Amino acid sequence: MIQTLSEEDLRRRHAENSVLRETIVEHLFVGDLLRRLWQCGILDAEVLKSEFDAGGYDLVLTCRGVTRHIQLKVTRVGGARSKINVNLRLSEKPSGCVVWIAVDDELNLKKYRWFGNEPGRPLSQVAEMGAVKHTKGDAKGIKAVRLGQRSVKAGVFTPVENLDDLLHRLLGSEILTVAHASRGHYSGGNSLSGECPCPLISPP
């Protein structure tokens, strides 16, 4: 039986269990992403997980020559969060990006937002964002700057229509138009032939 909670209790659940929530959403996101690529006959994708985020990323996605270092952010649909913190070290990666996911109270992935460039271009613009300060001040009430962090406003992110759109941004249209053999195996870059079963991939 599904427990019915008040709005206040729901907000508290999200706030007090944010680490668990992010772990669950990360697994759901990776599963959805790999399943969508499977449906499109792209079977050579690899996803690695960072044990801790000192490098500024949570996941590494590699597929056909493109490697993405991805920082995931999770918020509740309708939440008031207007900005997030991004580690400056993410900009050192060749294709670093941030995927901001909004979930409902059942942790269904409802909305994606994107902050990144095309594959191969680093996220250099993050260095231009505002500094992040500690939430608590010192004895004089002065809040020190958190080194290596930048505050990125929600308005900087691009709303993404669906998972297919997100995959185009992550991997680029060139990869997603590479042919796959009739059984879905990577064919090494030959042309597509016949009808394509996946809207991600456009026939030549």
I'm told Gly31 meets every condition in (1) in contact with a His (Cβ under 6 Å, 6 or more places away or on another chain); (2) without any contact (Cβ under 8 Å) to a residue 12 or more places away in the chain except one. Can you identify the failing condition by its number?
(1)
Among the residues of the stretch 115-170, the number that are out of contact with any strand residue (DSSP E or B) (no Cβ under 7 Å at 6 or more places or on another chain), modelled with pLDDT under 80 and of a type in the set (D, E, K, R) is 3
Contacts under 7 angstrom Cβ, first residue in the stretch 146-157 being closer than 9 Å to Asn85 by Cα, partner of a type in the set (S, T, N, Q) and surrounded by 15 or more Cβ atoms within 10 Å (Cβ to Cβ), 6 or more apart
Gln149/Asn87
Collect the residues in the stretch 1-53 that are out of contact with any strand residue (DSSP E or B) (no Cβ under 9 Å at 6 or more places or on another chain) and either outside any helix (DSSP H, G or I) or hydroxyl-bearing (Ser, Thr, Tyr) (or both), keeping them in residue-number order.
Met1, Ile2, Gln3, Thr4, Leu5, Ser6, Asn17, Thr23, Glu51, Phe52
Are any residues in the stretch 74-106 surrounded by fewer than 16 Cβ atoms within 10 Å (Cβ to Cβ) and assigned to a loop (DSSP other than H, G, I, E, B), and if so, which ones?
Val77, Gly78, Gly79, Ala80, Arg81, Ser82, Pro94, Asp104, Asp105, Glu106
Among the residues of the stretch 70-102, what is the count of those that are closer than 12 Å to Phe115 by Cα and either free of Cβ contacts under 8 Å to residues at least 40 places away in the same chain or out of contact with any strand residue (DSSP E or B) (no Cβ under 7 Å at 6 or more places or on another chain) (or both)?
5
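The values are calculated or read from the model by the stated rules, or taken from the named source; none is laboratory data. Owing to the predicted nature of the structure, the values given are computational and were not obtained by experimental measurement. Here the Cβ is made from the backbone with ideal geometry for all residues, glycine too, and neighbour counts use every protein chain on show.
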